[in-house]
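All of the numbers you see were taken from the coordinates with simple rules; none came from a lab. Not measured: the values here are computed from a predicted model. Virtual Cβ from ideal backbone geometry, glycine too; neighbours counted across all protein chains shown.
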Amino acid sequence: MKSQEKLVEGVLLLLALSAIASLALITIFIFLEGFPLILHTGLQKFILSSHWAPTRGHFGILAMIISSILVTLGAMVLGVPFGLACAIILAEFSPPRLTRILKPTLELLAGIPSVVYGFLGVIWLVPLIRTYLGGPGLSLLTGAIILGIMVLPTVISISIDALTAVPDMYRQGSIALGATHWQTVQRVVLPAARSGIITAIILGMGRAIGETMAVIMVAGNALQIPRSLLDPVRTLTSNIALELGYAAGRHREALFATGIVLFVMIMILNLTATFLARRR
């Protein structure tokens with residue numbers, strides 16, 4: 001019996017180590033491919049220049065960094081209020097049976113391929129924005145709306161878990177002191193679940209900033225710093241996906257260097273979420 005347990009333990013340990021090794025190899029490969037370009041160009045020039053013309057030796061990604069940040073922030077501005085409101089309704093006000101049905105249903109939205117969201121955005125959202133707001137329709141605003149919808153499952157699911165983890169004695173004590181149900185949620189439950197909700201928001205940001213296909217389809221992919229919500233933009237992920245197929249030499253290295261920047265941004269978000277979850 002003990003030998004079987006040791007065998008199972010060894011297999012599980014091997015699988016865990018293989019996953020860690022795969023992640024380490026991917027990280028090493030990205031840095032080996034992209035870091036020489038950063039050294040050749042200079043980190044400051046690479047990040048702070050917006051002149052991207054790789055065939056002419058110009059590798060500035062500032063416009064794409066700003067576009068990625070703006071699209072992600074726009075997605076969170078649109079997605080977080082709706083996601084948090086939905087989580088509060090399901091965790092605090094809905095019947096438990098309804099919550100058990102709706103929560104897995106909402107989580108299924110995370111399994112829908114991003115190309116489907118992009119297709120729906122091109123068919124429905126782009127013409128609406130072009131008709132009623134102006135511009136080409138393929139814009140920063142369109143990308144933010146699509147990503148705001150895509151981050152909803154992450155924000156809702158983790159926020160519900162954070163709210164339901166608050167002990168019932170908090171609610172009972174607040175109601176016993178004369179507070180209404182909404183006052184209890186607003187002044188007791190939400191502050192107690194704050195770190196979990198912030199974790200949900202940060203993980204949603206990680207999902208948004210790393211999204212590729214949907215953004216390629218609806219954002220316009222223009223190499224410029226946007227001055228309006230209706231301007232087309234190109235994000236870091238879009239640039240990698242669009243140009244890696246034909247890139248070579250320094251151009252290819254520049255795309256891997258872009259991947260390094262994106263990798264660092266997402267790692268910062270994930271480490272922040274992990275820190276907040278442990279603090280909770």
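For a quick check: sort TYR170, TYR117 by the number of other beta carbons within 10 angstrom, fewest at the front. Please list the in-between numbers first.
Working: TYR170 15, TYR117 22.
Fewest-to-most Cβ neighbours within 10 Å comes out as TYR170, TYR117.
Given the convex hull over the Cα atoms of the stretch 2-48, what projected area results after averaging over all orientations, in nm²? Walk me through the numbers on the way to the answer.
On the way: hull surface 16.1 nm².
Approximately 4.0 nm², given one-decimal rounding.
Can you give the net charge of the other residues whose Cβ lies under 14 Å from the Cβ of HIS51, counting K and R as +1 and D and E as -1? Could you put the intermediate results ahead of the total?
On the way: positive: LYS45, ARG56, ARG234; negative: none.
Net charge in that neighbourhood comes out at +3.
Using each residue's phi in the stretch 232-239, evaluate 6.51 cos²θ - 1.76 cosθ + 1.60 at θ = phi - 60° and report the 3J(HN,Hα) Karplus result to the nearest Hz, with x for Gly and Pro.
x, 9, 10, 8, 4, 5, 4, 4
Using the Cα centre as the reference, give the magnitude of the dipole from point charges on the C-beta atoms of the chain (Lys, Arg: +1; Asp, Glu: -1; all else neutral), rounded to the nearest 20 debye.
Values: 19 positive and 11 negative charges, 66 e Å.
With Lys and Arg at +1 and Asp and Glu at -1, about 320 debye.
Taking 7 Å along the Cα-to-C-beta vector as the label spot, tell me the ARG100-ASP168 distance in nanometres, rounded to one decimal.
1.5
List the residues whose amide H sits under 5 Å from the amide H of TRP52, counting only those 5 or more places along or on another chain, with H placed 1.01 Å from N in the peptide plane.
Sorted by chain and number, the residues that satisfy this are GLY60.
For the stretch 193-260, take the convex hull of the Cα atoms, compute a quarter of its surface area, and give me that in nm², please. Write out the running numbers ahead of the final one.
Values: hull surface 24.2 nm².
That works out to 6.1 nm², a quarter of the Cα hull's surface.
Subtract the Cα-Cα distance of GLU33 and ILE20 from 0.36 nm times their separation in residues, and report this length gain in nm to one decimal. Walk me through the numbers on the way to the answer.
Details: separation 13, 0.36 × 13 = 4.68 nm, distance 2.01 nm.
In short, 2.7 nm is gained.
Using the Karplus curve 6.51 cos²θ - 1.76 cosθ + 1.60 with θ = phi - 60°, work out ³J(HN,Hα) for each residue of the stretch 57-66 in order, rounded to whole Hz, and write x for Gly and Pro.
Using θ = phi - 60°, the values come out as x, 10, 10, x, 10, 4, 4, 6, 5, 4 Hz.
Across bins of 5 angstrom width beginning at 0, how are the C-alpha pair distances of the chain distributed, in whole percent?
Pair shares across the bins are 1, 6, 10, 13, 14, 13, 13, 11, 8, 6, 4, 2, 1, 0, 0.
Remind me, relative contact order of the chain in percent, using alpha carbon pairs under 8 angstrom and six or more residues apart?
Working: 375 pairs, mean separation 76.6, N = 280.
About 27 percent, as a whole number.
Given the options ALA219, VAL189, MET205, identify the residue whose Cα lies farthest towards the positive end of the charge dipole of the stretch 183-263 (+1 on Cβ of Lys, Arg; -1 on Cβ of Asp, Glu).
Going by the Cα projections, it comes out as VAL189.
Picking from ALA85, ALA144, ALA254, which is most flexible by a Gaussian network model of the chain using Cα springs under 10 Å?
ALA85
What angle, in degrees between 0 and 90 and rounded to the nearest 10, separates the Cα long axis of helix 96-107 from the longest principal axis of the Cα atoms of the chain?
Approximately 10 degrees, to the nearest 10.
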